[in-house]
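Reviewing the structure listed below.
FYI, it's all coordinate maths here, none of it is from the lab. These figures come from a predicted structure and were not determined experimentally. Here the Cβ positions follow ideal geometry from the backbone for every residue, glycine too, while neighbour counts run over all protein chains shown.
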Amino acid sequence: MAFFDRFPIGGDNDLFARLDALIADGDAAEIEALCRSQRAQIAAGFATWKTVPPEVRADPAATQRYANTVIAVAQLFAGALADPSLMAMLVGAPKDNPIVRWQAAIEQARAAMVERAHDEARTILEAALEQHAGLTGTGAQELRAITIGSIGQALFHAGEVHTAVERFRDALALCAAHDDTEGRVANLAALYEAHRWLGRPDDAAGFADRLAELHAVEDREAASRWAERASVARAGEPRLRVWVEIEGRHLDPDTLGPGFALEASARFVFVRDRLTLGGVTALIDRGRELGRAGDFEAALRCFAAAATLDPNDPGPEYDRGQTLLHLRRYADAGAAYRRTEALAPGWYQCRTDGWLADELAAGRLDHEALDVMLALEDDGAHSLRRAAQAVSRWPALAPLRLAHARVLARAGQRAAARAAAEYGLEESKEPDVETRLLVELAQLVDGESRTELLRRAVALGGNRIARAMAQLMLAVDALPH
């Protein structure tokens with residue numbers, strides 16, 4: 001029985017059936033010929049054709065084929081016949097087209113998530129899902145999967161991770177049902193990250209395995225990355241690593257061998273064993289904004305809320321420590337830095353900052369010295385004068401000597417910068433500061449002295465970023481000149 005014998009659609013059934021058969025066969029020349037010869041009849045009947053008949057709509061496969069035929073005819077008229085009227089009839093005015101409205105809702109939700117308004121995004125998406133619940137066809141299937149996956153993202157970044165996992169699974173099932181590989185990749189990656197965040201490494205590794213398998217044929221590099229992530233998850237992912245990022249590639253500095261060719265600028269990035277929730281980032285950003293405005297107590301409340309949302313994130317504790325240090329609550333600041341270190345060993349400069357907090361709490365250091373070190377981040381002659389005055393007042397303060405060396409180096413006074421860094425090394429009592437001083441000094445000397453300083457920095461490793469910088473410099477220095 002022919003396809004449309006099962007689903008008669010009225011007086012134009014024969015013409016529609018002929019078009020459907022040619023489109024199914026992919027006979028482009030015959031399709032165009034039929035459309036040209038029957039142009040007026042097709043145009044007249046299209047208003048009826050564009051609505052899927054109820055008897056066809058009951059069969060998903062038939063609905064899909066019917067929609068494909070209608071769309072193909074409209075596209076041929078718009079292209080080969082230069083007649084966009086059928087496509088306009090099919091699409092309709094944007095405000096009247098449910099697919100267009102649905103897509104607009106998704107874009108609105110995405111914009112809200114960029115602004116960290118995750119609850120607002122979720123509300124928009126859930127309303128769109130309910131509004132278009134009865135919509136069928138390929139476009140509706142794809143948008144339904146995107147919407148449900150996006151609800152999962154909104155839930156995840158709001159801290160409702162268990163519920164987010166359910167949405168990601170639902171979206172993944174929809175993508176698998178209509179063979180949407182891109183959607184499968186997106187939702188498998190979301191499930192991988194959600195299970196990392198939940199502290200379920202074996203489950204995370206399983207999703208990474210599936211992603212490696214999906215990429216195996218068409219993208220070997222991506223497959224290799226996912227296989228490596230699966231291996232790391234199973235072995236026990238470190239709480240914090242430092243990667244070298246070069247043109248979007250992430251490299252482990254421990255794997256950089258002699259003769260590494262650095263052909264683009266590099267930066268150093270922290271990689272935690274969990275993604276940072278968007279809700280945490282929003283609260284930290286708000287806390288910093290309040291701190292800049294001088295409302296430190298309100299800032300502390302934001303950091304506390306962020307820590308409650310994700311107790312494993314070191315960011316809120318680190319910013320809390322910075323704020324408490326500014327408020328001269330040194331013992332509390334020291335405790336915040338120790339919690340930061342426990343959550344992510346070597347996070348930024350928490351080790352140096354914790355040491356400074358302890359020195360201030362014990363009365364061995366004046367707060368003014370801390371203020372001077374922060375002020376020396378500025379360039380110019382003013383910094384040079386202020387740095388010189390500060391080191392004469394606190395000559396044994398190694399972090400201050402580091403700041404002085406950097407100010408001098410920026411001013412082009414390399415010999416003086418070298419002397420400042422060397423003096424700082426003699427006075428250093430904290431490995432984080434010492435590692436940074438070693439790398440700073442290595443940039444001011446050449447030959448074996450530079451190599452020895454970098455090797456010492458790698459071996460000491462008090463500061464994670466400085467250690468990675470030393471590893472990269474050693475690898476690049478080994479190139480033949």
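What is the angle, in °, between the Cα long axis of helix 381-393 and the longest principal axis of the Cα atoms in the chain? Nearest 10 is fine, range 0 to 90.
Once rounded, the angle reads 50 degrees.
Would you mind putting 204-214, 106-116, 120-130, 346-356 in packing order, based on average other-beta-carbon counts within 10 Å, highest first?
Ranking the peptides 204-214, 106-116, 120-130, 346-356 by packing returns 346-356, 204-214, 120-130, 106-116.
Rounded, prolate or oblate for segment 219-371? Axes are the square roots of the Cα gyration tensor eigenvalues, ordered a ≥ b ≥ c, and the cut-off for rounded is a/c under 1.5.
Prolate shape, in that a/c is at least 1.5 and a/b is the bigger ratio.
What FRET efficiency would be calculated for the residue pair V100, L262, taking the C-beta separation as r and a Förster radius of 35 Å, to the nearest 0.05?
With R0 = 35 Å, the Cβ-Cβ based efficiency is 0.15.
Order these peptides, 415-421, 150-156, by their mean beta-carbon neighbour count within 10 angstrom, highest first.
Final packing ranking: 150-156, 415-421.
What fraction of the Cα pairs in the chain, stated in percent, has a spacing above 31 angstrom?
61 percent
If a paramagnetic tag sat 7 Å from the Cα of R414 along the Cα-Cβ line, which residues of segment 420-449 would have the backbone N under 16 Å from that point?
In segment 420-449, the label zone of R414 (backbone N under 16 Å from the point 7 Å along Cα→Cβ) covers 420-422, 440-449.
What angle do you read, to the nearest 10 degrees and between 0 and 90, between the alpha-carbon axis of helix 220-235 and the longest principal axis of the chain?
Computed tilt is about 60 degrees.
If I model a spin label as a point 7 Å beyond the Cα along the Cα-Cβ vector, how far apart are those points for H162 and A58 in nm?
In this crude spin-label approximation the distance works out to 4.3 nm.
Identify the trypsin sites (Lys or Arg not before Pro) of segment 299-342 meeting these criteria: DSSP loop state and at most 14 other C-beta atoms within 10 Å of the C-beta.
R328
Stokes-Einstein D for segment 95-206 at 4 °C, 1.567 mPa s, Kirkwood Rh over Cα pairs, in µm²/s?
It comes out at roughly 92 µm²/s.
Once you have a ≥ b ≥ c as the square roots of the Cα gyration tensor eigenvalues for segment 275-363, tell me rounded if a/c is under 1.5, and otherwise prolate or oblate according to whether a/b is larger than b/c.
oblate
So what is the relative contact order for segment 112-238, in percent, with contacts set as C-alpha pairs under 8 Å and at least six apart?
Relative contact order comes out at 16 percent.
What's the angle, to the nearest 10 degrees (0 to 90), between helix 161-177's Cα axis and the longest principal axis of the chain?
Around 40 degrees separate the two axes.
What is the distance in Å between the Cα centroid of segment 260-287 and that of segment 104-182?
Here the answer is 25 Å between Cα centres.
Can you tell me, using C-alpha contacts under 8 Å and at least 6 residues apart, the relative contact order of the chain as a whole percent?
With pairs under 8 Å counted, the relative contact order is 8 percent.
Under the rule of -39500 (n - 2.57) per DSSP H run of 4 or more residues, summed and divided by the residues of the chain, what mean residue ellipticity at 222 nm is obtained, to the nearest 500 deg cm²/dmol?
Helix-only estimate at 222 nm: -22500 deg cm²/dmol.
Evaluate 2.2 N^0.38 Å with N set to the residue count of segment 3-92, then give the Cα radius of gyration divided by it.
Against the empirical 2.2 N^0.38 Å value, I get 1.00 for segment 3-92.
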